[in-house]
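Data first, discussion second: the structure below is written as structure tokens.
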Amino acid sequence: MKKGMIKATSGFERLVHWCLALSCLTLCFTGMAMMYHSMDFIGDMMGGMGNLKTVHNYTGVVFGVALIFAIGMWWKEAGLFSFPADWQWISCAGGYLWHVDKDKMPQVGKYNPGQKIFFLVVALYGIIMCISGYFMWFPEGYAKGLLQNMYLLHALGFVLIFPFFFIHLYLATIGVPGSAPAMFSGWVTRAWAKTNHPKWLKEIEK
Amino acid sequence: MKGLELVKLIDLSRCTACRGCQIACKQWNNLPASKTNNFGSYQNPPDLQWNTWTLIRFQEIEGQNNKVKWLFRKDGCMHCTDAACIKVCPTQALYHTEFGSVAVDYDRCIGCKACITACPFDVPRYDSVTNKIYKCDLCYSRLKANQPPACVQSCPTGALQIGAKDEMIAKAYKRAQELGDGATVYGDKYVDGTHVIYVLPQKAAVYEKLPDRPEVPAPILVWKDVLKPLGLIATGGVIGAAIVHYVTHGPKAPIEDNSNDQGGAV
């Protein structure tokens, strides 16, 4: 217990978060080196594109395992919406983009609907990335039409997850100051919790 | 031949299935033979292999008066202009040569097999020992030395020729007209024109493993022509939007909490 501070995450949560985050970023950058020829210097840094592909494949396994843990521990908190409050939050974009009167903003719980959407995109599309990636790793014996669509799904996953990652990065750092410590020390200030997650604060202070 | 866009013309009406081209290809490209099996056909080996870049396919169809008719087709890389394999190759190992043919840079190939999935003609073959894909490169080493490909050099009947693209296409249509009776030209109309063109004595649909309307598969087009640029546009857009948001809206700072009555105890 720390005065004026609130514990937002457990050590296990932070470990899973960083395993997922670092493997996801490694996959994004090695994947980009394979999709955009101008980025094949990343392959040079790894001793060639063959090594880069190996790194990509096995990092995919790490990502898949981390994803299972992430879904297991966050599904109830971040995977399920609570309507109509969450819908109301979405319809005013959480007050991030235009002015919303305070009485019209629903009280946010542990995760706001924006965070839930990000979690769901990573969780559900992450599974699709693992499945399509498996087919791309071991394509022999499968119908070509199936494989071609697996490549398509894999590329679509990048288009969804990589831009979304930058929204996550922005809002978790300079966009909402005080958020990042939740994933480093695990402690956030009470003021931060009251500003961003008042309903959750009430619940834990009951 | 130097400095020209080349086309290899395969006039199947002149092919006797002697398979001299198959042997010449192996000899020039230093490709070993594999143990084979008899599957009830003279076609040998049964399919293209990493070490068999061209293959005479033997096919039996019903001809006039219920007589069996034998069709031969020399299969191998068609050297597409709009080549799906080049489109999907993540390392630029597959590339167009100055002759318009599609060659492989084996130092770059990482054996990912994407080209095998994408090729509308089912040509590239994978070798697990070297972890690379192999296919005909239209004897790039010979073309550079102003020599015809080994298969063309070996052909005793004139079924194989190589020359300037326009000249070969004109020849093909002239020959198809001569043959009549449903003879067609195959290749110049697909994937922006292949650099291997057939004169087929029968309609294309009759030939086994020859796609009727070959094209770069639609999922590959969406992947490479839509999603690939979209990935960069979306990422750039989001980063730009975040910067604009930070500058115009500013960060959402915590409102200082003075009601410290609960002491933040958890």
- request: Give the angle, between 0 and 90 degrees and rounded to the nearest 10, that separates the Cα long axis of helix A:11-35 from the longest principal axis of the Cα atoms of chain A.
  value: 40 degrees
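Report the calculated FRET efficiency for A:Thr173 and A:His37 (r = Cβ-Cβ distance, R0 = 25 Å), to the nearest 0.05.
Values: r = 31 Å, r/R0 = 1.24.
The formula returns an efficiency of 0.20 here.
At 222 nm, what value in deg cm²/dmol follows for chain B if DSSP H runs of at least 4 each add -39500 (n - 2.57) and the sum is divided by all its residues, to the nearest 500? Could the numbers behind the result be given before it?
Values: 8 runs with 69 residues, N = 266.
Computed ellipticity for chain B at 222 nm equals -7000 deg cm²/dmol.
Restricting things to Cα coordinates, could you compute the convex hull volume per residue of the protein assembly as shown in Å³? Let's see the in-between values first.
Numbers: hull volume 91.9 nm³, N = 472.
So the per-residue hull volume is 195 Å³.
Do any of B:Lys165/B:Lys203; B:Lys35/B:Lys203; B:Lys35/B:Lys74; B:Lys144/B:Lys224; B:Lys69/B:Lys171 go past 29 Å between their Cα atoms, and which? All intermediate terms of the calculation are to be shown ahead of the outcome.
Numbers: B:Lys165/B:Lys203 22 Å; B:Lys35/B:Lys203 34 Å; B:Lys35/B:Lys74 21 Å; B:Lys144/B:Lys224 31 Å; B:Lys69/B:Lys171 26 Å.
Exceeds cut-off: B:Lys35/B:Lys203; B:Lys144/B:Lys224.
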For B:Lys165, A:Lys3, order by how many other beta-carbon atoms lie within 10 Å, fewest first: A:Lys3, B:Lys165
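Mind checking A:187-194 for the average number of partner chain beta-carbons within 10 Å of each residue's beta-carbon? Mind showing how you got there, number by number?
Details: counts 1, 1, 4, 9, 9, 5, 4, 6.
Across A:187-194, the average partner-chain Cβ count within 10 Å equals 5.
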query: Looking at segment A:10-204, how many pairs of lysines come closer than 23 Å at the Cα, when each pair is eight or more places apart or spans two chains?
result: 22
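Can you name the helices of chain B, as whole DSSP H runs, whose Cα span along the helix axis is 27 Å or more and whose Kyte-Doolittle mean is not below 1.0?
Working: long enough: B:228-248 (30 Å, 1.24).
Passing helices, by number: B:228-248.
Do me a favour and compute the ellipsoid semi-axes for chain A from its Cα gyration tensor, root of five times each eigenvalue, largest one first, whole Å.
Working: eigenvalues 256, 71, 50 Å².
Result for chain A: semi-axes of 36, 19, 16 Å.
Over chain B, what is the mean sequence separation of C-alpha contacts under 8 Å (at least six apart), divided by residue count, expressed as relative contact order in percent?
Numbers: 439 pairs, mean separation 63.2, N = 266.
It rounds to 24 percent for chain B.
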- request: Output the relative contact order of segment A:10-204, whole-number percent, from Cα pairs under 8 angstrom with separation of 6+ residues.
  value: 21 percent
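For the residues B:His79, A:His197, A:His99, B:His249, what sequence is obtained by ranking on other C-beta atoms within 10 Å, fewest first? Provide the component values of the computation, followed by the final result.
Values: B:His79 29, A:His197 22, A:His99 7, B:His249 13.
Going from sparsest to densest Cβ surroundings: A:His99, B:His249, A:His197, B:His79.
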query: By how many nm would the segment from B:Asn38 to B:Val226 grow when fully extended, if each residue of separation counts as 0.36 nm and the alpha-carbon distance is taken off?
result: 63.1 nm
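Throughout, read-outs are computed from the coordinates displayed, never taken from laboratory work. All of these numbers come straight from a predicted model, not from anything done at the bench. Cβ sites come from the backbone with ideal geometry, for glycine too, and all protein chains shown count toward neighbours.
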